[in-house]
Amino acid sequence: MGKSSANTPFRLRRIYDPVEEDGGRRVLVDRLWPRGISKERAHLDDWAKDVAPSTELRNWFHVDPDKRFPEFAKRYDAELGGPAQQDAIAGLRDAAAHGPVTLLTAVKDPDGSYLSVLLKRLE
C-alpha cells in the first residue's frame, strides 16, 4: 500500500501503519481525527483538514461509493479550488520542495479514495 512514484515527493500511507524513517514530513489529510490514534502515536508534523472533502460531500458519497465516485471526484476537485484549499495545497507543495511528504489517512484504501484526486492536484 502507499502510492508514490519516482517523480513525486508525495506518498500515501494509512495513519495506522508504522512510521517510516525516510517518510519525511507527516501530514494528516483527513477532516476527522482517526479513531484509536493518540497524538503522540501519530507523529504528525501537520494536519491539513482543508484538503479533505467537506462533510456534506463525504456523506453524499458514502451513500453509494461504487456508483458515485466519478461525480464525487468532480465535486471534490471543485472544492479543492477554494481559497482555504488552495492555501493548504500550496503549503503541501512547499513542504515537498524540501523533501518527501507522507500524506496520512484513516481510509482503508488510500489509493482508491479521494486521495487519488488530491494527488493529481498536488502533482
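Only one of LYS108, LYS120 is within 15 Å of the chain's Cα centre (by Cα), modelled with pLDDT under 90 and either within 16 Å of GLY23 (Cβ to Cβ) or surrounded by fewer than 16 Cβ atoms within 10 Å (Cβ to Cβ) (or both). Can you tell me which? Write out each step before concluding.
Details: LYS120 fails: modelled with pLDDT under 90.
None of the others qualify; the one that does is LYS108.
Going by the conditions given, is GLY99 surrounded by 11 or more Cβ atoms within 10 Å (Cβ to Cβ), on the phi > 0 side of the Ramachandran plot and not in a strand (DSSP E or B)? Full working, then the answer.
Working: surrounded by 11 or more Cβ atoms within 10 Å (Cβ to Cβ): yes; on the phi > 0 side of the Ramachandran plot: yes; not in a strand (DSSP E or B): yes.
Considered against the rule, which asks whether it is surrounded by 11 or more Cβ atoms within 10 Å (Cβ to Cβ), on the phi > 0 side of the Ramachandran plot and not in a strand (DSSP E or B), GLY99 comes out as yes.
Under the condition of being of a type in the set (Gly, Ala, Ser) and within 20 Å of GLY23 (Cβ to Cβ), which residue from the range 67-105 is nearest to the chain's Cα centre (by Cα)? First the steps, then the outcome.
To start, the set of residues in the range 67-105 that are of a type in the set (Gly, Ala, Ser) comprises 73, 78, 81-82, 84, 88, 90-91, 95-97, 99.
Retained after the next criterion (residues that are within 20 Å of GLY23 (Cβ to Cβ)): 88, 91, 95-97, 99.
Working: ALA88: 11, GLY91: 13, ALA95: 14, ALA96: 14, ALA97: 17, GLY99: 17 Å.
Filtering the range 67-105 for residues that are of a type in the set (Gly, Ala, Ser) and within 20 Å of GLY23 (Cβ to Cβ), the one nearest to the chain's Cα centre (by Cα) comes out as ALA88.
Quick check on the range 83-96: of everything there that is in contact (Cβ under 8 Å) with a residue 24 or more places away in the chain and not charged (D, E, K, R), which residue is surrounded by the most Cβ atoms within 10 Å (Cβ to Cβ)?
Here is the first cut: in the range 83-96, the ones in contact (Cβ under 8 Å) with a residue 24 or more places away in the chain are 84-85, 87-89, 91-93, 95-96.
From the residues that got through so far, the ones that are not charged (D, E, K, R) too are 84-85, 88-89, 91-92, 95-96.
Working: ALA84: 11, GLN85: 20, ALA88: 21, ILE89: 18, GLY91: 15, LEU92: 23, ALA95: 19, ALA96: 18.
So, considering only residues that are in contact (Cβ under 8 Å) with a residue 24 or more places away in the chain and not charged (D, E, K, R), the one surrounded by the most Cβ atoms within 10 Å (Cβ to Cβ) is LEU92.
The values are calculated or read from the model by the stated rules, or taken from the named source; none is laboratory data. Values in this document were obtained by computation on a predicted structure and should not be read as measured data. Virtual Cβ from ideal backbone geometry, glycine too; neighbours counted across all protein chains shown.
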